[in-house]
1. Only one of these conditions is not met by Gly140: (1) within 16 Å of the chain's Cα centre (by Cα); (2) open to solvent by 20 Å² or more (accessible area, probe 1.4 Å); (3) closer than 14 Å to Phe284 by Cβ. Which number is it?
2. With (1) in contact (Cβ under 8 Å) with a residue 60 or more places away in the chain; (2) open to solvent by less than 40 Å² (accessible area, probe 1.4 Å); (3) within 23 Å of Cys435 (Cα to Cα); (4) not in a strand (DSSP E or B) as the list, and Thr304 as the residue in question, which single condition is left unmet?
3. Looking at the structure I just gave you, is Pro359 over 30 Å from Thr198 (Cβ atoms) and free of Cβ contacts under 8 Å to residues at least 12 places away in the same chain?
4. Being farther than 26 Å from Lys161 by Cα, touching a helix residue (DSSP H, G or I) at 6+ places or on another chain (Cβ under 9 Å) and in a loop (DSSP other than H, G, I, E, B), is that true of even one residue in the stretch 338-361?
5. Among (1) open to solvent by less than 10 Å² (accessible area, probe 1.4 Å); (2) within 21 Å of Thr333 (Cα to Cα), there is one condition Ala415 misses while meeting the rest; what is its number?
6. If the Cβ limit is 8 Å and pairs must be 6+ apart or interchain, which residue in the stretch 260-279 that is free of Cβ contacts under 8 Å to residues at least 24 places away in the same chain and of a type in the set (Val, Ile, Thr) pairs with which residue that is open to solvent by less than 40 Å² (accessible area, probe 1.4 Å) and not in a strand (DSSP E or B)?
7. Going by the structure shown, is Gly204 outside any loop (DSSP other than H, G, I, E, B) and in contact with an Asp or Glu (Cβ under 9 Å, 6 or more places away or on another chain)?
8. Condition first: in contact (Cβ under 8 Å) with a residue 12 or more places away in the chain and in a loop (DSSP other than H, G, I, E, B). Now tell me which residues in the stretch 532-566 satisfy that.
Amino acid sequence: TNHANPKTKNQQNGRRFRQSVPCPRHSEPPRLRTCRLPDPDQGRAPLGGRRGDPQLRRMRSNTLNCSFTAEKIFCNNSASVAYTYDDVIMMPGHIHFALHEVDISTQLTKNIKLKAPFVSSPMDTVTESKMAIEMALQGGIGIIHSNYSIEAQAAEVYKVKKYKNGFITDPVCLSPTNTVEDAIDIKHSFGYSGIPITDTGKMGGKLVGIISNRDTSFVDDFSVKVSEFMAPRDKLTVAKEGVSLEEANELLKESKKGKLPVVNENDELVALIARTDLQKNRDFPRASKNEKTKQLLVGASIGTRPEDRDRAKALVEAGVDVIVVDSSQGDSTYQLEIIQHLKETHPHVDVIGGNVVTPTQALHLIQAGADGLRVGMGIGSICTTQEVCAVGRAQASAVYHVAKFARKYGVPIVADGGIKSTGHITKALACGASCVMMGSMLAGTDEAPGEYFYQDGVRLKRYRGMGSLEAMQKGSEKRYVWDNNKTAVKVAQGVSGAVEDKGSLRRYIPYLIQGVRHGMQDAGVNILQDAKEKLYSGGIRFEIRSPAAQKEGGVHGLHSYQKRLY
C-alpha cells in the first residue's frame, strides 16, 4: 500500500460521500466535490485482523447501528429487567413517504380488520352504546361492559348494530291497526321514526304504507290508527329485491325520501334503506362495519361463570361481532372452558381471550381457540393488581413477548392498559401489538358514561377501575374471583377517581390517529402491518432511557406552561 500517496489510496479503497464544505485533504475553495472514506474491509486490517473479516463487518455495522434491536432489549437481557413504555425510545428511521400515506389499518382478531387500531375498554365508566357507536364510526371498535343485566347488555349491542346500516333486514314494522302511541313508543325505544307498515305488522308482510316523524308530529289523538295518516303504498318509491346497495342508494337520492322499502315480486317487504346512512357513509369513511350488512362493528365482554354462557347467547342474538372474555388473569380452567364453548356454539363470532402477559398463558388460550389475545396485567392507571397481588408484568415487555409468540399462530394481540399518550400507542404497536385498548384515555370524553363536574376549576368525569369496590358491587367481582360462592371479604384491585374533560371523540380520535401517523413516519414505517416485519428483522431499533433521559424527553426547564393536545 502506498502510504505516501493517501489520495491514491483513498481513491482505490474508500467509499464515496458528497459534501459542500472544503475537503480537509484539498486546498480548493468550498464546492461540491467527492471524497472517500476508508473502508475497513479494504487495505490494512486494524488490530491485525484479515481483510473481509466478519468481525470487521460487525464493527462497521455497530458503528452505523449504535442502537439495539427489540430482541437485544427484551430477550438478551442479562439484567433480567422488564420495561414499560416510558423505559424505551424508538430510533428514527428513513422517511420516504408523506404523512397521509401512513396506513394504520390493522387486525383486531384473525377475522376482523379495523382502519384505526383503537379499542375502548369494557369498563362501566368507559364503554356503553354511545361510546361504541362513535368508536366504530371513527374506525375503531367499542367493547360493551358486562356490569349490565344480560338483557340490558344485549340491548346496548342492538343499539350499535341498528345505528348504521346498509340494507336493514329486520326493521321494526307496524300494521294498519296500530296506533300513534305505538309509533311514538318505537321512536323512544329505538331512536328512529320511519316505520314501514305491512298487513301483518311484521317483516315479510305485504307492504301497505310507511310513516315518518312528519306524519305523527301533528296528530294530537294518540289512539288514531296508523292507516288514517300513513303514506299509502301507491305513493311510495320502492326498490325490487336483488337491487345492489349502490342502485338502492341512487333511488333514495332521486326520490328525496327518508326511507326506501325493498320488496319482492309479491310486494312483500324484505329490507329497508335509510337516507341518514348515506350521510354517515359520506361523513365517516373510516367506519368499522360489516362488509355484507354495512352494520357497525361492536364487541361485548363476558365473564367465565356458567351464567355467562346465557349472556353470550343473548349477545350473539343481538348481533355482536366479537366477544371479549374479561378476566384479570386469563390463564384459568374456567376461561379455557368458556372459550371452547363459544367456539363450538357460536363459531362465526370471534373470541378475544385474556388477560395474559406471558407466552405460556397465551399458548393455553390459543389452543382453546382464541382468535385474539388481550395483553396487560396490573398496569392501568386505576389498577392496583401488581401492588395488591404481586403478580403482573411491565407492559412493553409483556406486549413484545406475547406478540412475538402469538405471531407464530397468526393470532393478533391487543395491548390493554398503560396508555397515556399517542407516544405510548406508537410504542405498543412498534412492540408487536395490533391494537391498543384504552380506558383512561377515553374516559373523559363526551361519549363516556357519566356527567361532568367541576373540581378546583377543572371539568372532570368519574373514572373507576373494574377492580374497585364500587365496580365490584355492580357485578365486576366475577372478573377477579373464580368462586361461585359468595366471598365474605372483597379485595379491591382498583381505585375510583376522575379524569379531565377531553371533549368529543369526533375531535379526539382524529388527533390520536394523526399522532400515531407522525410516530410511525418518524420511525420510517409507512404501513402498520409491515411494522412487525421490521420489528423482528431489526429494522425498528430501540434504546433504554435513563431517568434523566425520560425527564429530558418531556416538558422541562419552564416556570409554567399550558399543554394543549389539539
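1. (2)
2. In the conditions (1) in contact (Cβ under 8 Å) with a residue 60 or more places away in the chain; (2) open to solvent by less than 40 Å² (accessible area, probe 1.4 Å); (3) within 23 Å of Cys435 (Cα to Cα); (4) not in a strand (DSSP E or B), Thr304 misses (3) alone.
3. Judged against the criteria, Pro359 is not a match.
4. Taking every residue of the stretch 338-361 in turn, at least one turns out to be farther than 26 Å from Lys161 by Cα, touching a helix residue (DSSP H, G or I) at 6+ places or on another chain (Cβ under 9 Å) and in a loop (DSSP other than H, G, I, E, B).
5. Every listed condition holds for Ala415 apart from (2).
6. Cβ pairs passing all conditions: Thr276/Gly258.
7. Values: outside any loop (DSSP other than H, G, I, E, B): no; in contact with an Asp or Glu (Cβ under 9 Å, 6 or more places away or on another chain): yes.
When the stated conditions are applied, Gly204 does not pass them.
8. Once the filter is applied, which keeps residues that are in contact (Cβ under 8 Å) with a residue 12 or more places away in the chain and in a loop (DSSP other than H, G, I, E, B), the stretch 532-566 yields Gly538, Gly539, Ile540, Arg545, Gly553, Leu565, Tyr566.
The values are calculated or read from the model by the stated rules, or taken from the named source; none is laboratory data. Nothing here was measured: the structure is a model prediction, and the numbers come from that model. Heads up, the Cβs are rebuilt from the backbone with ideal geometry, glycines too, and the neighbour counts pull from every protein chain shown. Heads up: the accessible areas ignore ligands, DNA and RNA and are worked out on the full protein's heavy atoms, side chains in. Shrake-Rupley method; radii C 1.70, N 1.55, O 1.52, S 1.80 Å.
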